[in-house]
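Novice: After the structure tokens below, expect a handful of questions from me.
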Amino acid sequence: MALKAKGLSKAFVWALMGLLFLGLIGFGATNLSGTVRSVGSVGDEDIPVDAYSRALQNRISQMQQQSGQPVTLAQLQAAGIDRQILGQLVRETALDWEAGRIGISAGDSVLAEELARIGAFQGPDGSFDRDAYSFALQNAGLTESEFEEDLRDEVARSVLQAAVSQGNRLPDAYTDTIVAFAAETRDFTWAILDRADLETDIAEPSEDDLQAWYDANVDSYTRPETKRMTYAWLTPDMIAEEVEVSEARLREAYEERESEFNLPERRMVERLVFSSEDAAEDAAARLASGETDFESLVAARGLALADIDMGVVTEDQLDDAAAEAVFDTATGEVAGPAPSPLGPALYRVNAQLSAQSTPFEEAVPALRDSLVLDEARRVIDSQIEDLDNRLAGGATLEDLAAETDMQLGEIDYAGQNGDGIAGYPAFAELADDLTPNDYPEIAETGDGGIFAARVDEVLPEAPRPFDEVRDRVRTGWERAQVTEALSERAERLAGELRDGAGFEAAGLEPTTLEAVGRSTPLDALPSGAVERIFELEEGEVAIIRGQGRVALVRLDAVVPADLESPEAQQIVERLRQQASGDIAADLVQALTADIQTRAGVQIDQQALNAVHSQMQ
């Protein structure tokens, strides 16, 4: 059956636009010899080799863009991403098979509407631009027929998924019950008792008291499995004082960064482009008359302010006429119409930035710091191969420290973050996997430094000696004694409160809080106070023990949720949307699983291997 125009999923459109803009789609077809054209099938619907190859290469490029580091196919496979990609293609192909079986297809008119919706294919006025379309596909390495076929398939899949996922709605009783629970609040009065409120301070502990506390709480004083390690490391800061920078190099760097130290006058500008001079003139006239404002003009075009933000610009970055108009306009005012590379535009000036000039003499400290560290990083980088060769030749870490710039250190590492070398994620990652049988190798810290490490000994989990943790034991014992004594006093005071006495009459300094919700943070009260308060009946008094302090709490009122309030309605709507999304995902998953069972899935491992071998 032919389809009516329906919007594609946001995920598909955003992914598509991102890939087009970043040039991630097109890597060309996979050139496999023979007649291999698919890596598998669902029913009689093939999973094209090119689709699998492109998906792998797209993911590699995305990961490289995000990390700034090369990513290999082997890394993808180690993380199971290749199987995830194949699974997604199987699910899409299953939907294609089902759509074909029941006759769902996307006609030319639907295709045209979907193409016109994609921002990457639109011109300055927001309409479909054939040149932009051709350029984007050429940049992505796709032909129009390939892309349009994929788009038709995606439209058909979207209709099929919508048929099973749309219309699910949680019953009102379900949402009302959850919101009534989540949105109800409590009013209560509380007071804190701490060590200063003790009528008599606790006694000094005896050795037997401390030993007994240590024995009863030995888990708190147990050292985790620990690697006793030796390391040698070298950072740019360690050799910075040895690096010299000539004045000639400083002046050269100053000239290279002249635009940084000598800034021209600038403006922070937003630019709204129009399709014609008449449209721009009409908008400017409506602005001048007060009929509309700049934000409304932007919204009327279906844009956000972020879409038209040019950031900070200089006169040289604008057309002559636009530069003159913009730089003669006060902050908050709109200039134009004035020309732009995309057509006539209105420019709003959001800030004026004066010219700034930093002479060479004032820039020297910043230049020297930067150059010294850059040079130190180059020096360290040039030493890596030699240091690796030394280690491979039998040199120890102690040898490296004695014969090179590297510095020796020791650390008891138990997986914790810390100062010095333990603060580097690269060291922690290596130390977690390192064993006493591993030989040291040079690794990089990630900021220009290097290190090598070995495990000298693995210390098993064991209680720390009493004498080593004596101060901690005393602190723990005192805190427990204070808490116990305060609890006894709190019990007497709670009795007075239950008999009708006020907090002030009991000698307490109360604080009253209203409309406290289940997720309201209450840092002034002991941990778990909110949960305990919501368990109380109205008028009930409770004691909440903390560490060295105790809270007395009286519940003053249980405030039911107002299900008709705007806040409650927002919660209901968010709950429905979230649940509907989860249910829809489950339904689509069930559908694709059923299709795969009915149609049958075949995977060609030899074809997968062929794709992988070409990418290695």
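The values are calculated or read from the model by the stated rules, or taken from the named source; none is laboratory data. In this text, all values refer to a predicted model and were calculated from it rather than measured experimentally. Note that we place each Cβ from the backbone using ideal geometry, even for glycine, and neighbour counts take in every protein chain shown.
Novice: Identify all residues within the range 437-479 that are in a helix (DSSP H, G or I), surrounded by fewer than 16 Cβ atoms within 10 Å (Cβ to Cβ) and acidic (Asp, Glu); write none if there are none.
Specialist: Asp467, Glu468, Asp471
Novice: Could we say that Gln569 is closer than 21 Å to Ala183 by Cβ and within 31 Å of the chain's Cα centre (by Cα) here?
Specialist: Spelling it out, Gln569 is indeed closer than 21 Å to Ala183 by Cβ and within 31 Å of the chain's Cα centre (by Cα).
Novice: Filtering the range 182-208 down to residues that are out of contact with any Pro (no Cβ under 8 Å at 6 or more places or on another chain) and among the aliphatic types (A, V, I, L, M), which residue is farthest from Asp556 (Cα to Cα)?
Specialist: Among them, the one singled out is Ala203.
Novice: Please enumerate the residues belonging to the range 130-148 that are among the charged types (D, E, K, R) and either closer than 18 Å to Ala116 by Cβ or in contact with a strand residue (DSSP E or B) (Cβ under 8 Å, 6 or more places away or on another chain) (or both).
Specialist: If the condition is that a residue be among the charged types (D, E, K, R) and either closer than 18 Å to Ala116 by Cβ or in contact with a strand residue (DSSP E or B) (Cβ under 8 Å, 6 or more places away or on another chain) (or both), then Arg130, Asp131, Glu144, Glu148 are the ones that fit.
Novice: For Thr292, state whether it is among the β-branched types (Val, Ile, Thr) and either closer than 25 Å to Ile118 by Cβ or within 37 Å of the chain's Cα centre (by Cα) (or both).
Specialist: No, not satisfied.
Novice: Does the range 133-153 contain any residue that is of a type in the set (Val, Ile, Thr) and closer than 21 Å to Ala585 by Cα?
Specialist: No.
Novice: Next question. Going through the range 311-329 one residue at a time, which ones are touching a Leu at 6+ places or on another chain (Cβ under 9 Å) and either not in a helix (DSSP H, G or I) or not assigned by TED's automatic domain parsing to the domain that holds Leu297 (or both)?
Specialist: Scanning the range 311-329 gives Val312, Thr314.
For every residue, the table says whether it meets (1) modelled with pLDDT of 90 or more; (2) acidic (Asp, Glu); (3) outside the structural domain of Gln211 (by TED's automatic domain parsing); (4) over 30 Å from Tyr214 (Cβ atoms).
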position: Arg368; (1), (2), (3), (4): no, no, yes, yes
position: Leu373; (1), (2), (3), (4): no, no, yes, yes
position: Ala401; (1), (2), (3), (4): yes, no, yes, yes
position: Ile411; (1), (2), (3), (4): yes, no, yes, no
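Novice: Among the residues of the range 395-404, are any hydroxyl-bearing (Ser, Thr, Tyr), more than 30 Å from Ala283 (Cβ to Cβ) and not in a helix (DSSP H, G or I)?
Specialist: yes
Novice: Continuing with this model, one more query. Against the condition farther than 30 Å from Val550 by Cα, outside the structural domain of Gly415 (by TED's automatic domain parsing) and touching a strand residue (DSSP E or B) at 6+ places or on another chain (Cβ under 9 Å), how does Ala156 come out, does it pass?
Specialist: Against the criterion (farther than 30 Å from Val550 by Cα, outside the structural domain of Gly415 (by TED's automatic domain parsing) and touching a strand residue (DSSP E or B) at 6+ places or on another chain (Cβ under 9 Å)), Ala156 qualifies.
Novice: Please report, ordered by residue number, the helices (runs of 4 or more DSSP H) entirely within the range 39-154 with at least 1 residues that are within 25 Å of Ala607 (Cα to Cα).
Specialist: 49-67, 73-78, 81-102, 130-140
Novice: Looking only at the range 330-348, filter to residues that are assigned to a loop (DSSP other than H, G, I, E, B) and free of Cβ contacts under 8 Å to residues at least 40 places away in the same chain; which one of those is surrounded by the fewest Cβ atoms within 10 Å (Cβ to Cβ)?
Specialist: Ala330
Novice: Among (1) at pLDDT below 85; (2) surrounded by 15 or more Cβ atoms within 10 Å (Cβ to Cβ); (3) at negative phi, which single condition is Gln416 missing?
Specialist: (2)
Novice: In addition: Can you list the helices (runs of 4 or more DSSP H) found entirely within the range 198-273 that contain at least 3 residues being free of Cβ contacts under 8 Å to residues at least 24 places away in the same chain and closer than 30 Å to Gln416 by Cα?
Specialist: Counting at least 3 such residues, we get 207-216.
Novice: Related question: Of all residues in the range 255-275, count the ones that are out of contact with any strand residue (DSSP E or B) (no Cβ under 9 Å at 6 or more places or on another chain) and either closer than 30 Å to Ser296 by Cβ or among the acidic types (Asp, Glu) (or both).
Specialist: Residues flagged as out of contact with any strand residue (DSSP E or B) (no Cβ under 9 Å at 6 or more places or on another chain) and either closer than 30 Å to Ser296 by Cβ or among the acidic types (Asp, Glu) (or both) within the range 255-275 amount to 5.
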